[in-house]
Amino acid sequence: MTESKPGQVALTRPCVKCRAQEATLDSRSQPVCKDCFIKFISTKFIKQIDILGKKTRPAPGPSSTSSSSGPPTLTRRYLLGLSFGVSSTVLLHLLSENLESQLAKGRTAPFDLTVVHVDTSSFPSREGTDPEASVAAVEAILDRYRARYPRFTFQRVPLSSSTLSNNNNNNNNSTPNPSDDIFSLLSSSTTTTPPTAASQSDLRQHLTRRTLLAETAHHNCQALLLGHSTTALAELTLAEAAKGRGFALPWLVGDGPAPPPDSSSEPRESGLLIHHPLREALRKELVTYAGLVTDPSPLTDLLLEQTNDNPGSAEGTTRVVSHRDLSIEDVMTRYFAEVEESYPSVVANVARTAGKLVRRGGDGGDEEAATACELCGMPRDEDGDVRWKGELGIQDNGEEEGDRESVAARLRGRLCYGCERSVGG
């Protein structure tokens, strides 16, 4: 118990930061009050958004951001990927608070924000799903976000609209598009062996990422904002390494330019950045923050739909009844949920170490640019792919049978090792 001044009530468990209020929360082994915890999360966010602001400072002049897809403007333009999950919703709220704070001080808006939700209900992974009902459910959720954040533009984009460029075969119209192959395969009623949960999850994740990048370029935005927390980045690091995409980790978990297009194709983005403003906050801290925000209404109200079977979200999965139904991402999520509780520093170390990995090729320097995978868009490590296959005893003899194997054979040499394995089931 701390000593109190005359007229003050003694605190039994004072906040270690302000020393003026009773601590009601534990933040990284320290007792803190509600106000200091909210300020802690906001400070982490502001630090990262200021870093992005310096990288995207618009150049003076009326033609600085002229584009047919958007009016000329001198303000920064960002696109936020909204999954209806806790992290992306908290990021949206923090962006709104930052904007309102600047406007309240009489300053101009620091950025224009477009919020895009990629509707994965079009991804053929659920039987008996009504497409019209799925679209209506997603739009109903988006309407709640629109009502709370009227300054931002919200848009639903179906995953089936994803069109991936044929980087290696721009002049050959007879070459099938990878995304067309994937959707035709997964929607085919003649598929003898359906893709595993791990394959579906992997393909959905990377098609969603490609769709968000395409929308970012389409809306003439300078950066794509993703709500990955420290925990999510740690999960992504181990999951992608396990799937054979270790070469692409610097592009997947780091902040900076988007993966470069194939050297033989026209550049599809010019200076497009990917940024994770919540990379220094743990997932459990974001869950706590969401529960503390109550003005003008509880932030958790927006997340109520997420706990049910939301047809438009990749996170609205059914209860796992068998380990066969677990994807690699599910395994990593369960693992880090336990580690995060007892050893949060371990989670932070994984994310920070991955963030220090150096990009090889395609991001400046003298090395030859890496060829991009035509499905996930990540740079390919062709020598590494060969080593992976050799160590696992995989032979490319071209004699596969079945729908998935035939698709994998058609796309061989155009995909990274991870995507080849996912397409192959």
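Looking at Ala232, Ala241, Ala197, Ala214, which is the one that is of a type in the set (Gly, Ala, Ser) and within 26 Å of Thr75 (Cβ to Cβ)?
Just a single option satisfies the conditions, and that option is Ala214.
So which residues in region 295-348 are open to solvent by less than 70 Å² (accessible area, probe 1.4 Å) and modelled with pLDDT under 55?
Gln306, Asn310, Pro311, Gly312, Ser313, Ala314, Gly316, Val320
Within region 94-124, which residues are part of a helix (DSSP H, G or I) and either in contact with a helix residue (DSSP H, G or I) (Cβ under 6 Å, 6 or more places away or on another chain) or of a type in the set (D, E, K, R) (or both)?
Leu94, Glu97, Glu100, Thr120, Ser121, Ser122
Picking from Ala234, Ala248, Ala239, which residue would you name as being at pLDDT 90 or above, farther than 30 Å from Ala137 by Cβ, open to solvent by less than 40 Å² (accessible area, probe 1.4 Å) and in a helix (DSSP H, G or I)?
Step by step, each of Ala234, Ala248, Ala239 is checked, and only Ala234 is at pLDDT 90 or above, farther than 30 Å from Ala137 by Cβ, open to solvent by less than 40 Å² (accessible area, probe 1.4 Å) and in a helix (DSSP H, G or I).
Can you pull out every residue in region 20-51 that is open to solvent by less than 30 Å² (accessible area, probe 1.4 Å), of a type in the set (A, V, I, L, M, F, W, C) and not in a helix (DSSP H, G or I)?
Ala23, Val32, Cys33
The values are calculated or read from the model by the stated rules, or taken from the named source; none is laboratory data. On a predicted model such as this, the values are computed, not experimentally measured, just so you know. Every residue, glycine among them, receives a Cβ derived from its backbone with ideal geometry; neighbour counts consider all protein chains shown. Note: accessible area is taken over every heavy atom of the protein model, side chains too, but ligands, DNA and RNA are not part of it. Shrake-Rupley method; radii C 1.70, N 1.55, O 1.52, S 1.80 Å.
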